[in-house]
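Colleague: The structure under discussion is supplied below as structure tokens; questions concerning it will follow.
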């Protein structure tokens, strides 16, 4: 991540990056694979963040 951006924006981007993870394996096992995909997961190409 480049350094020349406001701290607030950087925080937002880091938060989005952290939340963009797959469903943990233990959740899949516990729910009998009812939750395989994360509903809010996004890719950098398809879904853009609000600025």
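Only the coordinates and a few stated rules stand behind these numbers; no lab work does. Quick caveat: nothing in here was measured; it's all calculated off a predicted structure.
Colleague: In nm, what is the difference between 0.36 nm times the number of residues separating residue 13 and residue 26 and their Cα-Cα distance?
Modeller: 2.0 nm is the gain from fully extending residue 13 to residue 26.
Colleague: To one decimal place, what orientation-averaged projected area in nm² is obtained for the convex hull of the Cα set of the chain? Let's see the in-between values first.
Modeller: Values: hull surface 18.0 nm².
Quarter of the Cα hull surface area: 4.5 nm².
Colleague: In degrees between 0 and 90, to the nearest 10, how far off the longest principal axis of the chain does helix 7-19 point, with axes built from Cα atoms?
Modeller: Value to nearest ten degrees: 20.
Colleague: Then there is this: How far, in nm, would the chain grow between residue 36 and residue 3 when pulled straight, counting 0.36 nm per residue and subtracting the alpha carbon separation? Before the final figure, lay out each step's value.
Modeller: Values: separation 33, 0.36 × 33 = 11.88 nm, distance 3.54 nm.
Additional length available on full extension: 8.3 nm.
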